[in-house]
Structure formats: C-alpha cells, structure tokens
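Visitor: Take a look at the following structure, please.
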Amino acid sequence: MNVLKQRHQVTDSQGREQVEFLDEHEQENLIEEFRMQNDGANNFFKIVTIIHLYCGIFLSLVSVIMAIGTEQMEQLWWGIPFGLLIIDIIALYIIKDSEQDINGLEKLKYKYKGA
C-alpha cells in the first residue's frame with residue numbers, strides 16, 4: 001500500500017521546487033492511518049507478551065519445583081528464571097503505565113489553526 005499521496009508542489013519565482021506539503025485533510029488521514037498501523041502492531045506485541053508470560057511462568061515454576069529437596073545453592077540457581085520473570089513483569093507494568101500517560105496526552109491535544 002502506497003502511503004504517500006499526491007503532494008502539492010510550490011515553486012519559487014525561478015521555477016524551482018521549494019516545498020511540498022499535504023493539505024490539512026490529507027495530513028489528518030495520514031496521521032490516522034499511521035495511528036491505526038501503530039495500534040495494530042501494539043496489539044500484536046501485547047498478545048505475544050501474554051503468551052511469553054504464560055510460557056515463562058510455566059517453565060520457571062517447573063524448574064523451581066524440580067529443585068525442591070536439593071541444596072540451597074542449587075535451588076537458587078534454578079530460581080533465577082523465576083526472578084527474571086518477575087523483572088520482566090515489572091518492566092511490562094512500567095511500559096503499560098507509560099502507554100496510559102501517552103493516551104492522556106492525546107486527550108489534551110488541541111487543533112491550532114493559523115491566522
């Protein structure tokens with residue numbers, strides 16, 4: 001899909017192209033199209049992240065359960081994946097929190113029109 005639309009060309013007095021611009025309606029359409037593509041990519045990432053978490057929980061708990069009854073250092077060694085999973089969940093929480101901040105900023109957006 002070709003995202004670029006026909007642009008209006010402005011030439012100077014000598015006939016050289018100076019600036020190309022999209023009218024306001026085309027800009028809004030392009031921004032909305034990019035926003036939809038971004039939302040689709042974000043949704044895909046969220047689904048993959050959820051699958052990643054379930055697999056991580058399963059694998060880390062299996063290794064911790066298998067280490068029960070072994071020496072303390074070995075239990076610590078096999079508990080490392082569970083610790084990394086906790087760090088991963090904290091990072092995902094921080095990412096989710098920043099997404100909410102961005103959505104809050106979107107609500108504050110205003111339209112500016114020149115004089």
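Visitor: Which of ALA91, TRP78, MET36 sits farthest toward the positive end of the charge dipole of region 23-91, with +1 on the Cβ of Lys and Arg and -1 on the Cβ of Asp and Glu?
Guide: Sorting the options by dipole projection puts first TRP78.
Visitor: Tell me, what is the FRET efficiency for TRP77 and VAL48 to the nearest 0.05, using R0 = 22 angstrom and their Cβ-Cβ distance as r?
Guide: Calculated transfer efficiency: 0.20.
Visitor: Quick one: what are the phi-derived ³J(HN,Hα) couplings along region 54-66, Karplus 6.51/-1.76/1.60 with θ = phi - 60°, whole Hz, x for glycine and proline?
Guide: My calculation for region 54-66 gives 4, 5, x, 4, 4, 5, 6, 5, 4, 5, 5, 5, 5 Hz in order.
Visitor: Going 7 Å from the Cα of ALA91 along its beta-carbon direction, which residues of region 47-62 have the amide nitrogen within less than 19 Å of the resulting point?
Guide: Residues 47-61 qualify, since their backbone N sits under 19 Å from the label point.
Visitor: For ASN29 and MET66, calculate 0.36 nm times their separation in residues minus their Cα-Cα distance, and state this gained length in nm to one decimal.
Guide: Between ASN29 and MET66, full extension yields an extra 7.8 nm.
A short reminder: the numbers here are calculations on the coordinates, not readings from a lab. As the structure is a computational prediction, the values presented were derived from the model and not from experiment. Positions of Cβ are backbone-derived with ideal geometry, glycine not excepted, and every protein chain shown enters the neighbour counts.
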